[in-house]
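Input: a single structure, listed below in structure tokens.
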Amino acid sequence: MMPTKAIVSEVRTLSCSNSWRNYHFLKITTEDGIVGWSEFDEYFGSPAVSAVINEISGRMIGKSAMHHEHIREDLRNVTRPGSGGVVGQALGAIENALLDIKAKALEVPCHVLLGGKVRDKIRVYWSHCVSYRTRTQHYSPGITDISGVKQIAREVGEKGFTALKTNIFHYDARDRIEGWSPGFGRPYETSRNVERKTLKDLRRHLEVMRAEAGPDVDMLLDLNFNAKTDGYVKILREIADLDLFWVEIDTLDPKALAYIRSQSRHPIASCETLIGLQQFLPFFREGAIDVAIIDTPWNGVWQSMKIAAAAEAYETNVACHNFYGHLCTMMNAHFCAAVPNLTIMETDIDRVAWDHELFTHVPEYKDGHLILPDRPGWGTEPIEAMLAKYPPIPAAGMWKRTEPSKLSI
């Protein structure tokens, strides 16, 4: 087979509905008909990534996807004053689609480009366990009270998974539950103070899930941006005696996180909202984390390998941030297969009814592991006819929520 030059000829962004948010995809086509795909996100505090991609994509036309690092650096140079944020995420999406093209041109899986796999199955944890099913209009069976919490905790082991991650919930007098996430505006509480009820309800939630999941299922707790330093320390002291795999905390201050870690009996995972090696380095230098979580759709898988290599130099393992569609899961799977210093992989098991219709292949799970395919590229592609069948919803995005903060006038 003659080697292809893989000259970029067209760049398009596409989107479809996932019931309560939208999936977003980048499609790059070459002159010889090779199509590279990546998935990106505009829900998680990231409006208009597609607009950035469409604005800068003209610089790729006529260039070879085989030189993905050259293209990324060129785009980085012309966007440097506004680097990071949605600009960084746009570069990550572009890099990932170019990697898909290159791997398909060479007729190899993407993990071969990353140095080759060091594992062919990847241990996963069931993420947003309880959280998604509280969206009762989107997921079935829905969860409204403690009986649903118990049922899903049992289901984790029954379906062969060995780890789960849950979030913070409040319980009322009738044992009905409601998520508590002031870091994302639910409720509107700018101080993000952690009160006694939050501590009491969180402890109860974890104890209930442990009792139902059993002693052999690893439990992870995600605190997100929902407190400040003093609040995180309060929570860690309240749950110090519980059996947890890690506690996940989002903060942009590495010194503060290093202090929080010094007060914790549990391993601390963080960094999922960082973009670029430069942002990760202070957390490594401060000894702020036990596990560095890397968002490979945001950073680009090639750049994520560099971050993982830096983590290895600080005796730190990595995990991936993955709460998107099946293409993102496969992009993350290739990263996780090739990176030596991996802890575990995040994945969402609860899915809306039509998720499987949108892709040529869906992830295969067996005994709590994702089985890595050897198909060329990422190993799955969106099906454009199915994307058109489920058009994007207009009111998707955290900034378009219908429950604005209430302020007396």
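Pairs under 6 Å by beta carbon, first residue closer than 21 Å to C320 by Cβ and outside the structural domain of W37 (by TED's automatic domain parsing) in the stretch 361-390, partner crowded, with 17+ Cβ neighbours inside 10 Å and of a type in the set (S, T, N, Q), six or more apart or different chains?
H361/T380; P363/T329; G368/T162
If you check R237 against the conditions, is it closer than 30 Å to A338 by Cα and out of contact with any Lys or Arg (no Cβ under 8 Å at 6 or more places or on another chain)?
no
If the Cβ limit is 7 Å and pairs must be 6+ apart or interchain, which residue in the stretch 142-158 that is within 14 Å of L206 (Cβ to Cβ) and touching a residue at least 40 places away in the same chain (Cβ under 8 Å) pairs with which residue that is among the charged types (D, E, K, R) and outside any helix (DSSP H, G or I)?
I146/D175
Just one of the numbered conditions (1) in contact with a strand residue (DSSP E or B) (Cβ under 9 Å, 6 or more places away or on another chain); (2) among the polar types (S, T, N, Q); (3) buried (at least 17 other Cβ atoms within 10 Å of the Cβ) is not true of S9; which one?
It fails just one condition, (3).
List the number of the failed condition for A93; all other conditions in (1) more than 21 Å from D41 (Cα to Cα); (2) of a type in the set (A, V, I, L, M); (3) touching a Gly at 6+ places or on another chain (Cβ under 9 Å) hold.
Only one criterion is unmet by A93, namely (1).
Output the strands (runs of 3 or more DSSP E) that fall wholly within the stretch 172-287 and possess 3 or more residues being surrounded by 17 or more Cβ atoms within 10 Å (Cβ to Cβ), or say none.
218-222, 246-248, 268-270
Within the group S50, S46, S15, S38, which residue is assigned to a helix (DSSP H, G or I), under 20 Å from the mean Cα position of the chain (by Cα) and in contact (Cβ under 8 Å) with a residue 24 or more places away in the chain?
Sole residue among the options that is assigned to a helix (DSSP H, G or I), under 20 Å from the mean Cα position of the chain (by Cα) and in contact (Cβ under 8 Å) with a residue 24 or more places away in the chain: S50.
Can you tell me which residue among G377, G397 is surrounded by 16 or more Cβ atoms within 10 Å (Cβ to Cβ), modelled with pLDDT of 95 or more and at positive phi?
Selected residue: G377, the only one of G377, G397 that is surrounded by 16 or more Cβ atoms within 10 Å (Cβ to Cβ), modelled with pLDDT of 95 or more and at positive phi.
Any residue that is touching a strand residue (DSSP E or B) at 6+ places or on another chain (Cβ under 9 Å), surrounded by fewer than 18 Cβ atoms within 10 Å (Cβ to Cβ), in contact (Cβ under 8 Å) with a residue 12 or more places away in the chain and among the polar types (S, T, N, Q) - is there at least one of those in the stretch 84-91?
Within the stretch 84-91, not a single residue is touching a strand residue (DSSP E or B) at 6+ places or on another chain (Cβ under 9 Å), surrounded by fewer than 18 Cβ atoms within 10 Å (Cβ to Cβ), in contact (Cβ under 8 Å) with a residue 12 or more places away in the chain and among the polar types (S, T, N, Q).
The values are calculated or read from the model by the stated rules, or taken from the named source; none is laboratory data. Predicted model, so just to flag it, every value in this text is computed and none were measured. Glycine gets a Cβ as well: all are built from the backbone with ideal geometry, and neighbour counts include every protein chain shown.
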